[in-house]
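Written out below as structure tokens is the structure these notes cover.
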Amino acid sequence: MCIREAIIALSALDGLIATSWDLIVDPIMVHIIEVWVWETRDCIYGIPISNFIGWFIVSFIITLTYRIILLREGKRIDLTHLPAFIYMQLWLIMAVVALINNRLDLIIIGSIAMNIVLLCYVLKISKKRS
């Protein structure tokens, strides 16, 4: 895989990471903490699919732009870096909030989405080290 393909693939992964986190955050913010309300209630827990598509697109564009800038400036790009510890903390915080509010359904969907990404990262790192 060439550097350009790797940058695009990693930016797409970033979009999936952000979207998987939003699968647990948005339902908690809407239904438990009640920070905001969606006028159109459809799809996943009353949250429009366009919200999740937006998370993917914005995250993809931001991280792709960042990686392109680094590449053009000749700076080293670590193609395997993912702050797994911070990502795991984000999941844990939302899982605790859902647990306190007896929303096991949110824990399950958020855990599946977020931990699949985390597992892929851990497997990639362990494969790289061996």
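Surface listing: M88, M114 arranged by accessible area from highest to lowest gives M88, M114, probe 1.4 Å.
For n ≥ 4 DSSP H runs only, could you compute -39500 (n - 2.57) per run for the chain, divide by its residues and tell me the 222 nm figure to the nearest 500? Let's see the in-between values first.
Values: 4 runs with 92 residues, N = 130.
Counting only the DSSP helices, I get -25000 deg cm²/dmol.
Axis of helix 104-129 versus longest Cα principal axis of the chain: the two differ by about 10°, to the nearest ten degrees. Here Rg and Dmax of the Cα atoms in Å was calculated from the structure, and among [x] 17.7, 53; [y] 16.5, 51; [z] 15.4, 47 it sits at label [y].
Before I look further, what does the chain give for accessible area per residue, probe 1.4 Å, in whole square angstrom?
Details: 8370 Å² over 130 residues.
Ligands and nucleic acids excluded, the result is 64 Å² per residue.
Here is the list for the stretch 1-102: GluC sites (Glu not before Pro) lying in DSSP coil, each with at most 14 other C-beta atoms within 10 angstrom of its C-beta, are E34, E39, E73.
State the percentage of accessible surface on the chain attributable to carbon and sulfur atoms; use a 1.4 Å probe and exclude ligands, DNA and RNA.
Values: 5830 of 8370 Å².
Here it works out to 70 percent.
When all protein chains stay in place and ligands, DNA and RNA are ignored, the 1.4 Å accessible-area order of S59, S50, largest first, is S50, S59. At an R0 of 30 angstrom, the distance between the Cβ atoms of I108 and E73 translates into a FRET efficiency of 0.10. Taking the C-alpha atoms only, the angle from helix 84-100 to the longest principal axis of the chain is near 0 degrees.
The values are calculated or read from the model by the stated rules, or taken from the named source; none is laboratory data. Please read all numbers here as calculations on a predicted model, not as lab measurements. Positions of Cβ are backbone-derived with ideal geometry, glycine not excepted, and every protein chain shown enters the neighbour counts. Ligands, DNA and RNA are stripped out before the accessible areas are found, and what is left, the full protein with its side chains, is counted by its heavy atoms. Shrake-Rupley method; radii C 1.70, N 1.55, O 1.52, S 1.80 Å.
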